[in-house]
Amino acid sequence: NRQEVVAINNRNHLQVYDDAGALLWSSGDQFGASSNYYGSIAAQSDEMKDSTFISTRIILDDLDRDGAKDIIIGKNRLQTVPLMPNLRYFEGSSIAALKWTQGALAPMWETKKIANYTVNYQVVHPDQDSKQLQLIFAETENSLPFAFWKSSSFYINIHTLKPAQP
């Protein structure tokens with residue numbers, strides 16, 4: 001039974017590695033970008049040439065109940081300021097579900113793009129015998145590309161996803 005490792009690289013590309021550490025696949029799209037980083041505002045602006053940003057989390061869940069884990073991940077649309085690579089802001093976001101098939105992660109579904117930044121997300125199965133699930137996510141207003149201008153409010157969203165009828 002082979003195991004794969006799913007990770008996000010420093011350029012926000014989703015990657016899959018085999019159990020020996022060999023790269024099997026890398027996404028063309030960016031996933032997992034966030035405004036969170038290690039350090040302080042002073043370190044962010046003065047000392048760190050390349051900040052270490054913390055990616056959003058990767059959720060593994062068997063969304064379609066086929067016995068294989070699927071990927072749920074945020075897609076915050078990252079923008080940077082020319083000549084100031086440590087400053088970042090986001091032009092909207094969505095949440096995507098992907099399935100490992102034929103040597104690649106293929107899209108299962110993606111939410112509609114919203115104008116705001118997605119802070120966090122979770123998938124809940126309200127009924128263990130059903131393929132129905134709920135996607136819960138928190139969004140906040142986009143911040144300008146300066147760390148001290150962050151929004152202090154957020155919104156909680158709940159979407160119920162039902163399987164397509166044949």
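Couple of notes before you dig in:
- Annotation note: Cβ proximity below 6 Å between a residue of the range 1-25 that is in contact (Cβ under 8 Å) with a residue 12 or more places away in the chain and a residue that is loosely packed, with under 10 Cβ neighbours inside 10 Å (sequence gap 6+ or interchain) occurs for D19/Q3.
- Filtered residues of the range 125-137 (kept if in a strand (DSSP E or B) and either out of contact with any strand residue (DSSP E or B) (no Cβ under 9 Å at 6 or more places or on another chain) or aliphatic (A, V, I, L, M) (or both)): L133, L135, I136
Residue-wise test of (1) of a type in the set (S, T, Y); (2) without any contact (Cβ under 8 Å) to a residue 60 or more places away in the chain; (3) assigned to a strand (DSSP E or B).
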position: S93; (1), (2), (3): yes, yes, yes
position: A97; (1), (2), (3): no, yes, yes
position: W100; (1), (2), (3): no, no, yes
position: P107; (1), (2), (3): no, yes, yes
position: N120; (1), (2), (3): no, no, yes
position: V123; (1), (2), (3): no, no, yes
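- For the condition among the polar types (S, T, N, Q) and at pLDDT 90 or above, S35 does not qualify.
- Evaluation of Q79 against (1) within 25 Å of K131 (Cα to Cα); (2) assigned to a strand (DSSP E or B); (3) at pLDDT below 90 (one fails), failing number: (1)
- Considering residues of the range 1-24 that are among the aliphatic types (A, V, I, L, M) and not in a strand (DSSP E or B) only, the residue modelled with the lowest pLDDT: A20
- Condition met for K99 (modelled with pLDDT of 85 or more and open to solvent by 40 Å² or more (accessible area, probe 1.4 Å)): yes
- Residue within the range 137-145 that is modelled with pLDDT of 85 or more and either open to solvent by 40 Å² or more (accessible area, probe 1.4 Å) or out of contact with any Ser or Thr (no Cβ under 9 Å at 6 or more places or on another chain) (or both) present: no
- Here D66 fulfils each of the conditions (1) assigned to a loop (DSSP other than H, G, I, E, B); (2) modelled with pLDDT of 90 or more apart from (2).
The values are calculated or read from the model by the stated rules, or taken from the named source; none is laboratory data. What you see is a predicted model, and the numbers here were worked out from it, not measured in a lab. Here the Cβ is made from the backbone with ideal geometry for all residues, glycine too, and neighbour counts use every protein chain on show. Note: accessible area is taken over every heavy atom of the protein model, side chains too, but ligands, DNA and RNA are not part of it. Shrake-Rupley method; radii C 1.70, N 1.55, O 1.52, S 1.80 Å.
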